Amino acid sequence: MAFWMLGIAVSVAGMVLAAASRSTGVQAAYAHLVIAAGVSILFALKAIQDTRELAARGQPRSAVAASSARYMGLIWAWGALGLFVTYGLGVLSWREWQSFFMAFVVAAGLCLFFSATLNKDAAAGKDDPTMLKLAYYLAIVQLVGMGATMLGLIIDGKMTRFLNPRFTDWAANNIFFFGALALTAVSAYAIKAHRGTAS
């Protein structure tokens, strides 16, 4: 967990500094993109590694599913924090940020709730088929939704808006795209793990 807390803090700080420096040149926007991409890939790899290790050790299905759900929640929380610090504290101005921030907070809470519930089942030595099925469907919905999000951002040209200083949503677009990338990877592995541990 320390890895995640440190990664979230350092990456958000770096992205905010890059966003604040956009007026000095486009290089700052590229730095923001690189930070968002790098940390999201690291998050996804760490989440998949931890979930794989739990499955390999023969941990209960609930524990394996809880691991994936927890990391999904942390990725959503990373995105929410990035939006809040960037737009809520006035580093950049963008009217729509609050709606996305609230959606991210709800998504993070939902994933963390699933994780906590599944962990309780694992600690009690039982697997709740209903909760496991819900977690599985959550992963499927998230996989499809995040894939559509990335595709939409590319098709709409949102990933190159940082080249035009008059657009202020470019930092949010980086968070959306690379957060979606991490969630896609974690969701895909969660689906694989669910099928692999199904009895």
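Each reported figure results from applying straightforward, stated rules to the coordinates on display, with no laboratory input. These numbers were taken from a predicted model, which means no experiment stands behind them. Don't worry about glycine lacking a Cβ; one is built from the backbone with ideal geometry, like all the others, and counts go over all protein chains shown.
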Given the convex hull of the Cα atoms of segment 135-195, what is a quarter of its surface area in nm²?
4.0 nm²
How much net charge surrounds Gly196 when only other residues with a Cβ under 11 Å from its Cβ are counted (Lys, Arg +1; Asp, Glu -1)?
+4
Just to confirm the number: angle between the C-alpha axis of helix 170-197 and the first principal axis of the chain, 0 to 90 degrees, nearest 10?
10 degrees
Rounded Å value of the spacing that divides the Cα centres of segment 1-61 and segment 101-172
15 Å
Value of [θ]222 nm, deg cm²/dmol, for the chain, DSSP H segments ≥ 4, -39500 (n - 2.57) each, nearest 500
-27500 deg cm²/dmol
Hey, can you rank 88-95, 61-68 by average C-beta count inside 10 Å, highest first?
61-68, 88-95
Answer label, with volume of the Cα convex hull per residue in Å³ calculated from the coordinates and candidates (i) 102; (ii) 122; (iii) 133:
(i)
Positive end of the dipole of segment 100-199, charges at C-beta (+1 Lys, Arg; -1 Asp, Glu), about the Cα centre: which of Leu138, Leu110, Gly125 has its Cα farthest in that direction?
Leu138
What's the local net charge at Leu163, with K and R +1, D and E -1, over the other residues with C-beta under 15 Å away?
+2
Taking the Cβ of Ser93 as the centre, find all other residues whose Cβ is under 15 Å away and add up their charges (Lys, Arg: +1; Asp, Glu: -1).
+2
Relative to the longest principal axis of the chain, what angle (0 to 90°, nearest 10) does the C-alpha long axis of helix 129-155 take?
20 degrees
